[in-house]
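Trainee: Just passing along the structure, written as structure tokens.
The values are calculated or read from the model by the stated rules, or taken from the named source; none is laboratory data. Being a predicted model, the structure only gives us computed values, none of them experimental. Cβ sites come from the backbone with ideal geometry, for glycine too, and all protein chains shown count toward neighbours. What goes into the accessible areas is simple: the full protein's heavy atoms, side chains included, and nothing from ligands, DNA or RNA. Shrake-Rupley method; radii C 1.70, N 1.55, O 1.52, S 1.80 Å.
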Amino acid sequence: MKAKVTAILLSLVFYLPAQGEPATQVSASEIISQNTVKGLTGKVRDVTVRAPAPTSIQPLSAVQPGVDVDLRLMAQWAMNYLIRTPRKEFDYEPVFQANPMNCPPVPGGHDVVVACDTDARMDWEWYYMREISGSTAGKDIEAAFHKRMLAYVRADGTVLSHPGCYNEGDINRVYTEKDYVYHVWGATKILNSLAEDFRRTGNVGSKETARKIMLRLKKLAVYPVPDRCCFPAGMGAMKQDGTPVPNGWNKMPAPVVEPLINYYQACGDLEALEFAKAYAEGIMAGTQPDGIKIKADGDIDNGHSHTTMHALWGIAHLGIVTGDEKYTAFAKRSWDFMLSRGTGTGWFPALPGGHPTDETCLTSDMMSNAAMIARGGYPEYFDYVERYLRNRISPCVFIVTPEFEAEYRMVNRACGEEKIRQGLEDVRKLQGAIRSYCGLNDLENSILNGTYHVLAGCCAPEGMRAIYTTWSHVIDRYPASKLGPAGVYVNMSFNRDSKWGRVVSFMPATGRLTVKAGVQDDFFLRPPHWAPRDQVKAFVGSQAVPVQWSGDYVRFTNIKIGDEVTIIYPLLGFLHEAGGIWKNGLPGVNVTYQWLGNMVIAVDPPAAKTPIFSPEVRILPPPPAEVMKQ
Ligand SMILES: [Zn+2]
């Protein structure tokens, strides 16, 4: 990242990032209502057109789009983490305790928080990151990793493990087999993995094991009334005698609805869909006696932010699968509640109070929920997915930069050269993980008194899911839905190749999105919610065509393979004085973001340490050759 971000003044004379275009002075007459921009906490002001929509365009063959966020490169780096962190000598056990500025960055020996948590979260990412990256590297490690996960599953579908992850702070505990519990959290995760495995490989064994896990979870469920259920210990573990293991996590609902839906979609098991609905109804009605009771206004009753939103994701998805608005509305209320606590850039407090720490797991959940809420009839929520990817996930991809290495050597100079060399070698295995924490204006969170270089084993893989959530919603083919008629939908401005077409983003230089069609169909392209509709233009090839609105999308009818369809919109810039509950304990801290479209390009006060925001898109270096095999 570039230091020049700190030199940008927050004023009405905006920095104009388009290469080769002159800087422009914005006149007062061009000021646009602050209400145009949604989804941010605090105050938006000085909304102006920063780059007007051009009246003519050139085809892709004649134009060089600027450099935008590279989701594929992020996934390639993620493969580095997936391949290089499992430790063969511990049955491919990965690491939860990863503090890359420490020497050593990862403690030796077993990591007791990993079982059915870090490993279970990573297990999904092999499928997702391989799909995006196209890499075929590390297949032997992936096979051994999936085998490791299946070893938790007993013949009747019970998932047995020690409860190390439920006691996250107790990292020196030594567990033995007599400590094994029915690991509900792990069971939900492994169920989802097996659904992905069957979808991709057709492996019947995965389908059969998934059904066993589903039936075992269903046996655990308590139904006080028909069609509504809960688990006795929520997301917590059960003793093998069938009683709850006392634990602070037991009041949190299990994240079981999404894995049940995914398994139903992959394997067609209607029993799982019925179970998903019953558990969702149980969360909505507060059925678990000692569980959190989500309030009518979406307030999550002091629940843990990540685990609550992780559980609600499936409910948001149920809104799409069933078409029933009540599920979407329920998830949306809590999503909006959670937004009111954060800034709108992708930063949300991890804990119920105004605690000044965020968490990547939560950001990823907010993105998964937002994508489902968007599909449920609120397409502007795709802008929130785009914002969090650009401004929170992308800057947090951990790479050993020359600056990091220099700091590592300085901080750890007392360790001596050999330990530093070994430490840096181990740190490089962690590259591609998503950092756990991010600050308001620098990565270290200096302004809120943090000093964070943490790659916790929950966040590192959940951040990868955020990449997948984004990538899988850039372009997709939907049946008729709340978004409009059936067709190919392009929801966000990111580059992506797909079977439906190649999406080309012209961010951050121009508000232009072009798709080269890969199928014959109707195409629906969405300009961001803040783009003035009367200034949006449409093109087929380089030929301007009348703009045909279909809800929030511009519709292109009967497009042929190879056709290029384009929307152009004015790119807005604005200032955003961030609000949120985090300010309650820190009323003297004020942060103002300068936005260009969905991208934060500068912040005041500027970064004290490692910058997060820049007018230039962060482009990662090439990944190591061994994870790039295709
Ligand atoms: Zn986490």
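Trainee: Suppose we filter region 427-442 for residues that are within 24 Å of ASP111 (Cβ to Cβ) and surrounded by 19 or more Cβ atoms within 10 Å (Cβ to Cβ); how many remain? Steps first, answer last, please.
Mentor: Keep residues of region 427-442 that are within 24 Å of ASP111 (Cβ to Cβ), which gives 427-438.
Imposing the further condition that a residue be surrounded by 19 or more Cβ atoms within 10 Å (Cβ to Cβ) reduces the set to 427, 429-438.
Of the residues in that region, 11 qualify.
Trainee: Taking the criterion of being within 16 Å of the ligand (Cβ to nearest atom), over 22 Å from LEU339 (Cβ atoms), touching a residue at least 60 places away in the same chain (Cβ under 8 Å) and in a helix (DSSP H, G or I), would at least one residue in region 449-460 satisfy it?
Mentor: yes
Trainee: So, one more: From (1) free of Cβ contacts under 8 Å to residues at least 40 places away in the same chain; (2) open to solvent by 20 Å² or more (accessible area, probe 1.4 Å), pick out the condition that doesn't hold for TRP471.
Mentor: (1)
Trainee: Whether any residue in region 461-474 is under 30 Å from ILE171 (Cβ atoms), touching an Asp or Glu at 6+ places or on another chain (Cβ under 6 Å) and within 15 Å of the ligand (Cβ to nearest atom) is what I want to check.
Mentor: yes
Trainee: Any chance you could count how many residues in region 120-146 are assigned to a helix (DSSP H, G or I), within 28 Å of ARG502 (Cα to Cα) and not charged (D, E, K, R)?
Mentor: Our first condition is that a residue be assigned to a helix (DSSP H, G or I); within region 120-146, this holds for 120-133, 139-146.
Next, from what is left, pick out any that are within 28 Å of ARG502 (Cα to Cα): 124-133, 139.
From the residues that got through so far, the ones that are not charged (D, E, K, R) too are 124, 126-129, 132-133.
Residues in region 120-146 being assigned to a helix (DSSP H, G or I), within 28 Å of ARG502 (Cα to Cα) and not charged (D, E, K, R): 7 in total.
Trainee: How many of the residues in region 515-527 are farther than 17 Å from LYS482 by Cα and surrounded by fewer than 23 Cβ atoms within 10 Å (Cβ to Cβ)?
Mentor: 6
Residue-by-condition table, conditions (1) of a type outside the set (Phe, Trp, Tyr); (2) in contact with a strand residue (DSSP E or B) (Cβ under 8 Å, 6 or more places away or on another chain); (3) farther than 16 Å from VAL153 by Cα; (4) not in a helix (DSSP H, G or I):
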| site | (1), (2), (3), (4) |
| --- | --- |
| ARG199 | yes, no, yes, no |
| SER206 | yes, no, no, no |
| LYS212 | yes, yes, no, no |
| TYR223 | no, yes, yes, yes |
| ASN250 | yes, yes, yes, no |
| PRO255 | yes, no, yes, yes |
| TYR264 | no, no, yes, no |
| LYS277 | yes, no, yes, no |
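Trainee: Show the residue pairs meeting these rules: Cβ distance below 7 Å; 6+ apart or different chains; first residue within region 337-359 and more than 14 Å from the ligand (Cβ to nearest atom) and of a type in the set (A, V, I, L, M, F, W, C); second residue at pLDDT 95 or above and open to solvent by 40 Å² or more (accessible area, probe 1.4 Å).
Mentor: PHE337/ASP297
Trainee: Could I ask something else about it? Of the conditions (1) outside any helix (DSSP H, G or I); (2) open to solvent by 40 Å² or more (accessible area, probe 1.4 Å), GLU405 clears all except one; give me its number.
Mentor: The failed condition is (1).
Trainee: Which residues, counting only those in region 302-345, are open to solvent by less than 10 Å² (accessible area, probe 1.4 Å), assigned to a loop (DSSP other than H, G, I, E, B) and over 25 Å from TRP185 (Cβ atoms)?
Mentor: Correct list: THR343, GLY344, THR345.
Trainee: Right, next: If you go through region 249-267 one residue at a time, how many are in contact (Cβ under 8 Å) with a residue 60 or more places away in the chain and either under 15 Å from GLY291 (Cα atoms) or open to solvent by less than 40 Å² (accessible area, probe 1.4 Å) (or both)?
Mentor: Just the residues of region 249-267 that are in contact (Cβ under 8 Å) with a residue 60 or more places away in the chain, to begin with: 249, 254-263, 265-267.
With either under 15 Å from GLY291 (Cα atoms) or open to solvent by less than 40 Å² (accessible area, probe 1.4 Å) (or both) added as a condition, the list becomes 249, 254-263, 266-267.
The number of residues fulfilling the criteria is 13.
Trainee: Which residues, counting only those in region 476-495, are surrounded by 23 or more Cβ atoms within 10 Å (Cβ to Cβ), farther than 18 Å from SER368 by Cβ and under 20 Å from the mean Cα position of the chain (by Cα)?
Mentor: VAL490, SER493
Trainee: With the condition kept exactly as written, say whether any residue in region 532-544 is in a strand (DSSP E or B), without any contact (Cβ under 8 Å) to a residue 24 or more places away in the chain and open to solvent by 30 Å² or more (accessible area, probe 1.4 Å). Spell out how you get there, then give the answer.
Mentor: First, the residues of region 532-544 that are in a strand (DSSP E or B): 537-540, 543-544.
Now narrow it down to the ones that are without any contact (Cβ under 8 Å) to a residue 24 or more places away in the chain: 543.
So of that shortlist, the ones also open to solvent by 30 Å² or more (accessible area, probe 1.4 Å) come out as 543.
Yes, that holds for at least one residue.
Trainee: Let me ask something else about it. Which of the following residues is assigned to a loop (DSSP other than H, G, I, E, B), open to solvent by less than 50 Å² (accessible area, probe 1.4 Å), closer than 29 Å to GLY344 by Cβ and modelled with pLDDT of 95 or more: VAL26, VAL47, VAL95, VAL69? It would help to see each step written out before you state the result.
Mentor: Numbers: VAL26 fails: modelled with pLDDT of 95 or more; VAL47 fails: assigned to a loop (DSSP other than H, G, I, E, B); VAL95 fails: closer than 29 Å to GLY344 by Cβ.
Going through VAL26, VAL47, VAL95, VAL69 in turn, the sole match is VAL69.
Trainee: Still on this structure, please answer the following. Which residues, taken from region 166-183, are part of a helix (DSSP H, G or I) and loosely packed, with under 10 Cβ neighbours inside 10 Å? Quick ask: steps written out before the conclusion?
Mentor: Pass one, region 166-183, residues part of a helix (DSSP H, G or I): 166-167, 177-179.
Those that are part of a helix (DSSP H, G or I) and loosely packed, with under 10 Cβ neighbours inside 10 Å: GLU177, LYS178.
Quick grid of which residues meet (1) closer than 20 Å to LEU73 by Cβ; (2) touching a strand residue (DSSP E or B) at 6+ places or on another chain (Cβ under 7 Å):
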position	(1), (2)
GLY450	no, no
VAL454	no, no
CYS458	no, no
HIS473	yes, no
LEU483	no, yes
SER493	yes, yes
PHE506	yes, yes
ALA517	no, yes
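Trainee: Further question on the same structure: Taking the criterion of being touching a Pro at 6+ places or on another chain (Cβ under 6 Å), over 20 Å from GLY205 (Cβ atoms), surrounded by 21 or more Cβ atoms within 10 Å (Cβ to Cβ) and among the aliphatic types (A, V, I, L, M), would at least one residue in region 118-129 satisfy it?
Mentor: Yes; the residues of region 118-129 include at least one that is touching a Pro at 6+ places or on another chain (Cβ under 6 Å), over 20 Å from GLY205 (Cβ atoms), surrounded by 21 or more Cβ atoms within 10 Å (Cβ to Cβ) and among the aliphatic types (A, V, I, L, M).
Trainee: Looking only at residues in region 496-509 that are more than 22 Å from TRP595 (Cβ to Cβ) and in contact with a Gly (Cβ under 9 Å, 6 or more places away or on another chain), which one is surrounded by the most Cβ atoms within 10 Å (Cβ to Cβ)?
Mentor: GLY501
Trainee: Can I ask one more? Count, please, the residues in region 503-531 that happen to be touching a residue at least 60 places away in the same chain (Cβ under 8 Å) and not aromatic (Phe, Trp, Tyr). Give the steps one after another, and end with the answer.
Mentor: Filtering region 503-531 for residues touching a residue at least 60 places away in the same chain (Cβ under 8 Å) gives 504-512, 514, 516, 526, 528-530.
From what's left, not aromatic (Phe, Trp, Tyr): 504-505, 507-512, 514, 516, 526, 528-529.
The qualifying residues number 13.
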